[in-house]
Each structure stands twice: as structure tokens, then as C-alpha cells.
1. From 187, 196, grab the single residue that is in contact with a helix residue (DSSP H, G or I) (Cβ under 8 Å, 6 or more places away or on another chain), under 25 Å from residue 17 (Cβ atoms) and either at pLDDT below 95 or surrounded by fewer than 21 Cβ atoms within 10 Å (Cβ to Cβ) (or both).
2. If residue 229 satisfies all but one of (1) in a helix (DSSP H, G or I); (2) touching a strand residue (DSSP E or B) at 6+ places or on another chain (Cβ under 9 Å); (3) over 23 Å from residue 130 (Cα atoms), what's the number of the condition it fails?
3. Could you tell me which residue of region 202-225 is surrounded by the most Cβ atoms within 10 Å (Cβ to Cβ), considering only residues that are assigned to a helix (DSSP H, G or I) and touching a strand residue (DSSP E or B) at 6+ places or on another chain (Cβ under 9 Å)?
4. Filter region 232-242 down to the residues that are in contact with a helix residue (DSSP H, G or I) (Cβ under 9 Å, 6 or more places away or on another chain), touching a residue at least 60 places away in the same chain (Cβ under 8 Å) and assigned to a loop (DSSP other than H, G, I, E, B), then identify the one that is farthest from residue 182 (Cα to Cα).
5. Suppose the filter is touching a helix residue (DSSP H, G or I) at 6+ places or on another chain (Cβ under 8 Å) and over 23 Å from residue 30 (Cβ atoms); does residue 206 pass it?
6. Which of the helices (runs of 4 or more DSSP H) found entirely inside region 1-84 contain at least 3 residues meeting this: farther than 23 Å from residue 132 by Cα, at pLDDT below 95 and more than 18 Å from the chain's Cα centre (by Cα)?
7. Tell me which residues, restricted to region 120-135, are out of contact with any helix residue (DSSP H, G or I) (no Cβ under 7 Å at 6 or more places or on another chain) and surrounded by fewer than 20 Cβ atoms within 10 Å (Cβ to Cβ).
8. Please specify each residue of region 153-172 satisfying the condition of being surrounded by 21 or more Cβ atoms within 10 Å (Cβ to Cβ) and under 16 Å from the mean Cα position of the chain (by Cα).
């Protein structure tokens, strides 16, 4: 009997870029990929946090470099990716949220959220996939979506709209790029304890509602998403595209 082989989670020799890499889920993703062996380009808008991140990565012996990047600037993003060369892995963790009642949403709120969560994600995906295809190399594009791309949420009309739209975008792109061996998926967490998430979690009533909805009975931690990122980036998920990996503690199980 011949036992089946397993590609595993080793990312040695792979090049990755992570947007929104200096905090929260992006920081977790960048760290996880680097620890799995990838060379990681950590991208974010501000220079000082990027400098601190590179120092922390290098102190651990991890392979990384930094890139100032605002993905909402579509042309600047395309130019930056062109100069950096084709990646094997792209993780888009940059995001925008303006929560509030739908009746109070302004056109400016709507545009700000959609410009980052959908428009920027769309053109980042196309620029990255174009380079992967031109280089003739398989690749994995991972967008940090949300459980709110699968359900509704209090005061999250615009945010939910952007994340539901992201899911449709990913499915369509997966169909188009699958024959070229470019995979694209979403990673959809529940409420994660991050600096941004604390704005919601600091409200006792809202926190109680959140914990009640999460079947595992606790808020998510950055560490909870790190393995999922490596899985979607690695050859272990070679047959996974056009889908959502929900890391939501059972929130959407109902």
C-alpha cells in the first residue's frame, strides 16, 4: 500500500505581501506567513509602524521587508506591485468600517467604506493576479472578509454591504483565474480582539451580545486566524478557491 503524500504548510521559498500589516489581523497574518518560511513584504500606510514591525520581525530571524502603500490609491498600488514583482501569496487585510444606523449613513460614509473594502480589493486582486499569470506561477490571493459577509449586523449596513459584495467578487474571480492556477478566497473572522475591535468590545452590552452569538463562548484572538491564513496560503489548500473560510466560533451556524 502506498500512503498519500501531503503538501504541508511549509512556505519556504514563497514570496508574500500583506496589506494592513502593522496591526490586528494583518499583523497576525504577516507573522504567521513569515514563521512558516515565506519572505513577507509588509505593507501599510504609515512609515513608523512599518519600521517597528520590520525590527521585530528581524529580531526573530524572520525574512521581511516593508512597503508604504495605501491600497485605496489604485494606480499607486498597481505601480508598487509592478515594481515588487510577482508574489506567490497576497493577503489583503486593509479595511474600513464606519458603523452606525443605516438611516444615518451619509454618501461620504458609503464611499469611504466601499473604496477600501471593495474597490481597492478588486483592483489589488486584478493587479496581483495579472502578475502571477504573466509569470506563469500559481498563486493564492486571500482577502480578510468577515462573518458579516454572510449575515447582517447591528449598525453595520454599509460594512455588511461591502463584505457581501467581496464574496461575490471572489467567486467570479475564482472562476476566471482557476484555469491559470490562481486561487482566491476570503478569510472571514468573527469579532477579534484588536485595537479596532476594542471600540465595540468595550461596550458591556454589545460585548455580551457578541459572546452570546459566538457558540464557543469567547471573543476571537489574533492567534485564532494565524493557522487559517497559512492554510489558505499553502499547498495544503491547493484545491480550495472561490470560497470563504469562516473563523467565527459558530456565529453563522444558525
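The values are calculated or read from the model by the stated rules, or taken from the named source; none is laboratory data. Please read all numbers here as calculations on a predicted model, not as lab measurements. Quick reminder, even Gly has a Cβ in these numbers, built from the backbone with ideal geometry, and neighbours come from all protein chains shown.
1. 196
2. Here residue 229 clears every test but (3).
3. Checking each candidate, the answer is 225.
4. 242
5. When the stated conditions are applied, residue 206 passes them.
6. So the answer is none; nothing clears 3.
7. Within region 120-135, 126, 130, 134, 135 qualify.
8. Once the filter is applied, which keeps residues that are surrounded by 21 or more Cβ atoms within 10 Å (Cβ to Cβ) and under 16 Å from the mean Cα position of the chain (by Cα), region 153-172 yields 159, 162, 163, 166, 170.
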